[in-house]
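In what follows, a single structure is set out as structure tokens and then discussed.
The values are calculated or read from the model by the stated rules, or taken from the named source; none is laboratory data. Just so we're clear, the structure is a prediction, and the values are computed from it rather than from any experiment. Heads up, the Cβs are rebuilt from the backbone with ideal geometry, glycines too, and the neighbour counts pull from every protein chain shown.
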Amino acid sequence: MSLRTRAILATLLSTLACHAPQTPPLPRLWVFYGGETEPFCLSLSDDGSGRFYGSFAARNPIRWRYAPSTGRLDLTLLSHLTPDEYVALRDDVARGDLLAFDSTHATISFKVDRTRPRLEIFGWILKPAESLADWQKPYAVKGCPVLGNAGGA
């Protein structure tokens, strides 16, 4: 292969790499704005710890791990599960709402869709704070005080 051909290929590959779609970062604040029950949210910190605010606060503290290459999000949080909740989580896996549930380590796993991120926990849909509609924010901040601090309400 000639030097000129190598230079053209290197330029082409460099250009393609610059225009390759980037994986969006994992949202760090997930919100259920309320409805049939009180609003709540899940905040994920850079150090792998996380915390619920609102009605799920009894599940604190939590740990989380995310694999950007696969979109897998693992939350280790459910150390206070009732037998009915174990059954519900197993059903969530069977329906495809959860990727996996490890009852030994109290870890639930999600496949985060990069184009439409959402988490379903016990039937409640959490979505990234930045995707809340304006009308949802005043309701959500009632159960998610950090939403107001993040400029979301």
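What tally of residues in the stretch 37-67 results from selecting those that are under 17 Å from Asp113 (Cα atoms) and surrounded by fewer than 15 Cβ atoms within 10 Å (Cβ to Cβ)?
Number of matching residues: 2.
Can you pull out every residue in the stretch 127-145 that is in a helix (DSSP H, G or I) and of a type in the set (Lys, Arg)? Please lay out each step first, then the result.
First pass over the stretch 127-145, keeping only residues in a helix (DSSP H, G or I): 129-131, 137-143, 145.
Once the filter is applied, which keeps residues that are in a helix (DSSP H, G or I) and of a type in the set (Lys, Arg), the stretch 127-145 yields Lys137, Lys142.
Please state which of the following conditions Leu75 fails to meet, knowing it meets all the rest: (1) in contact with a strand residue (DSSP E or B) (Cβ under 9 Å, 6 or more places away or on another chain); (2) within 15 Å of Phe101 (Cα to Cα); (3) surrounded by fewer than 19 Cβ atoms within 10 Å (Cβ to Cβ).
It is condition (3) that Leu75 fails.
Could you give me the residue pairs with C-beta distances under 8 Å whose first residue belongs to the stretch 75-94 and is on the phi < 0 side of the Ramachandran plot and in contact (Cβ under 8 Å) with a residue 24 or more places away in the chain, whose second residue is surrounded by fewer than 18 Cβ atoms within 10 Å (Cβ to Cβ) and part of a helix (DSSP H, G or I) wherever it lies, and which are 6+ apart or on separate chains?
Cβ pairs passing all conditions: Leu78/Glu85.
Quick check on this structure: which one of Ser131, Ser49, Ser55 is within 14 Å of the chain's Cα centre (by Cα) and more than 21 Å from Pro24 (Cβ to Cβ)? So that I can check it myself, show each step before the final result.
On the way: Ser131 fails: more than 21 Å from Pro24 (Cβ to Cβ); Ser55 fails: within 14 Å of the chain's Cα centre (by Cα).
After applying the criteria, what remains is Ser49.
Filter the stretch 99-119 down to residues that are at pLDDT below 90 and touching a Leu at 6+ places or on another chain (Cβ under 9 Å) and give me whichever is surrounded by the fewest Cβ atoms within 10 Å (Cβ to Cβ).
Applying the filter and picking the extreme gives Ser103.
Filter the stretch 26-36 for residues that are in a loop (DSSP other than H, G, I, E, B) and closer than 18 Å to Val112 by Cα and give the result. Walk me through how you get there before you give the answer.
From the stretch 26-36, those in a loop (DSSP other than H, G, I, E, B) are 26-28, 33-36; that's our starting set.
Matches in the stretch 26-36: Leu26, Pro27, Arg28.
Quickly run through the stretch 120-139 and pick out the residues that are small (Gly, Ala, Ser) and surrounded by fewer than 18 Cβ atoms within 10 Å (Cβ to Cβ). Spell out how you get there, then give the answer.
Let us first name the residues in the stretch 120-139 that are small (Gly, Ala, Ser), namely 123, 129, 131, 133.
Correct list: Gly123, Ser131, Ala133.
Any chance you could count how many residues in the stretch 69-95 are under 21 Å from Leu26 (Cβ atoms) and in contact with a Lys or Arg (Cβ under 9 Å, 6 or more places away or on another chain)?
9
What strands (runs of 3 or more DSSP E) completely inside the stretch 53-126 contain at least 2 residues that are hydroxyl-bearing (Ser, Thr, Tyr)? Before the answer, list the steps.
Working: elements: 62-67, 72-76, 100-102, 107-111, 119-121.
Correct list: 107-111.
Using the structure shown, decide if Thr70 is on the phi < 0 side of the Ramachandran plot, modelled with pLDDT under 90 and either in contact with a Pro (Cβ under 8 Å, 6 or more places away or on another chain) or loosely packed, with under 13 Cβ neighbours inside 10 Å (or both). Before the answer, list the steps.
On the way: on the phi < 0 side of the Ramachandran plot: yes; modelled with pLDDT under 90: no; either in contact with a Pro (Cβ under 8 Å, 6 or more places away or on another chain) or loosely packed, with under 13 Cβ neighbours inside 10 Å (or both): yes.
For Thr70, the condition - on the phi < 0 side of the Ramachandran plot, modelled with pLDDT under 90 and either in contact with a Pro (Cβ under 8 Å, 6 or more places away or on another chain) or loosely packed, with under 13 Cβ neighbours inside 10 Å (or both) - is not met.
Would you mind stating whether Val31 is surrounded by fewer than 17 Cβ atoms within 10 Å (Cβ to Cβ), under 17 Å from Glu120 (Cα atoms) and either of a type in the set (Ser, Thr, Tyr) or modelled with pLDDT of 85 or more (or both)? Let's see the steps before the verdict.
Numbers: surrounded by fewer than 17 Cβ atoms within 10 Å (Cβ to Cβ): no; under 17 Å from Glu120 (Cα atoms): yes; either of a type in the set (Ser, Thr, Tyr) or modelled with pLDDT of 85 or more (or both): yes.
Judged against the criteria, Val31 is not a match.
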